[in-house]
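Note sheet for the following structure.
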Amino acid sequence: MSQDKLFVIGIGGTGMRCLESFVHLCALGMFDNKEIEVLTLDTDQANGNLKRVWDLIALYNRIKNPSGLDIDAGGKPSSNTFFSAKLNLSKFWPEYSGGVNYQILSNLATKDTNTQESIDLASLFLDETAQVFDLAHGYRAQTHLGSQLMYHSIIEAARNVKSKGKDAKPQEQELMDYIEKLGAAKSEARIFIFGSIFGGTGASSIPVIPSAFKDAYELTRKLPIQAKFGASLLTEYFKFTPPSDA
C-alpha cells in the first residue's frame with residue numbers, strides 16, 4: 001500500500017507565519033511517523049518572519065535530536081508522542097542583492113544590446129516604476145512582475161545546478177534537491193503551499209510554483225512531476241493607515 005510523501009512550502013511573510021503554526025502542530029504530535037520536506041521561499045532575507053521559522057525548525061530538530069550528531073540530524077519519525085514528525089528544512093531565495101531590478105535582470109538596461117521592440121514589449125506590461133525599483137525587499141504587490149521573476153529564478157536555479165553542479169549557489173542546490181525529492185516521490189507526493197494573495201511574494205509565486213517546479217525537473221531529469229498540489233490562499237488580515245491628503 002502506497003504512503004503519501006508530504007512536502008510543505010511557505011512563501012513570503014504570511015507563508016512563514018503559517019509555517020510557524022505548522023511546526024507547533026508537529027510539536028503537539030500531529031503527523032505521526034511522517035518525514036516532511038519543508039521549503040521556505042522568500043525574496044527578502046531580512047524578513048523577521050523568515051528567521052523566526054528557521055530558528056523554530058532548528059529548535060524543533062534539536063529537541064528531536066539532543067545529541068546533535070549529524071548521523072541522526074533532526075531525529076527520526078515517531079508515533080504517539082510529541083514532536084512525532086521529522087522535519088527537513090530547505091531554503092531558497094532569488095539573488096537580488098546589489099540594487100538589482102527588472103531592467104538589469106532582463107538586460108533592458110543596456111539598450112545597445114536590445115532591439116527597441118523588446119523594450120517596447122516590456123513597457124507594454126510593466127510601467128517604468130516597476131521596471132526600476134530595487135527587488136531586494138520583494139515584489140511590492142507587483143504580482144505581474146513577481147510571477148515572471150519567480151518563475152525565472154527557479155528555472156535559472158535548475159540551469160545553474162545542471163551546468164555548474166556543486167559550484168551553483170547553495171540556495172539553488174537546496175531548491176533542486178527539494179524538487180528532486182518531489183519528483184522521486186512520483187504520484188505519492190503531496191505538496192501544500194502557504195502564502196497570501198494580497199501582498200507581493202506569495203501572490204506572485206503561488207500561481208507559478210507547479211509549472212516552475214515541473215519545468216525545472218524536466219530540464220534536469222527529462223521526467224514529469226506527478227505530485228498533487230494544494231494551497232491556502234490567505235486574504236488581507238490587517239489594514240494600513242489611510243494616507244493623508246498630502
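Any residue in the stretch 150-173 that's without any contact (Cβ under 8 Å) to a residue 60 or more places away in the chain: show its pairings with residues that are among the aliphatic types (A, V, I, L, M) and outside any helix (DSSP H, G or I) at Cβ separation under 6 Å, as long as the two are six or more apart or on different chains.
What qualifies is Asn160/Ala168; Val161/Ala168.
Yes or no: Lys228 within 23 Å of Ile36 (Cα to Cα), of a type in the set (Lys, Arg) and surrounded by 15 or more Cβ atoms within 10 Å (Cβ to Cβ)?
So Lys228 does not fit the description; no.
Condition check: within 26 Å of Ala130 (Cα to Cα) and either among the aliphatic types (A, V, I, L, M) or surrounded by 16 or more Cβ atoms within 10 Å (Cβ to Cβ) (or both). Does Ser211 satisfy that?
Taking the combined requirement at face value, the residue does not satisfy it.
Which residues, counting only those in the stretch 41-78, are acidic (Asp, Glu), over 25 Å from Gly29 (Cβ atoms) and modelled with pLDDT under 85? Spell out the reasoning first.
Taking the stretch 41-78 first, the residues acidic (Asp, Glu) are 42, 44, 55, 70, 72.
Those still in the list that are over 25 Å from Gly29 (Cβ atoms) too: 42, 44, 70.
Within the stretch 41-78, Asp44, Asp70 meet the criteria.
Condition check ((1) surrounded by fewer than 22 Cβ atoms within 10 Å (Cβ to Cβ); (2) in contact (Cβ under 8 Å) with a residue 12 or more places away in the chain; (3) assigned to a helix (DSSP H, G or I)) across all residues:
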{"residue": "Asp177", "(1), (2), (3)": "yes, yes, yes"}
{"residue": "Ser187", "(1), (2), (3)": "yes, yes, yes"}
{"residue": "Ile191", "(1), (2), (3)": "no, yes, no"}
{"residue": "Pro207", "(1), (2), (3)": "yes, yes, no"}
{"residue": "Lys239", "(1), (2), (3)": "yes, no, no"}
{"residue": "Pro243", "(1), (2), (3)": "yes, no, no"}
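Can you find, within the stretch 27-51, the residue that is farthest from Tyr237 (Cα to Cα) among those that are surrounded by 22 or more Cβ atoms within 10 Å (Cβ to Cβ), touching a residue at least 40 places away in the same chain (Cβ under 8 Å) and of a type outside the set (Val, Ile, Thr)?
Going through the qualifying residues, I end up with Leu39.
The values are calculated or read from the model by the stated rules, or taken from the named source; none is laboratory data. Every value quoted in this text rests on a predicted model; they were computed, and no experiment measured them. In this analysis, Cβ positions are derived from the backbone assuming ideal geometry, glycine residues included, and neighbour counts consider all displayed protein chains.
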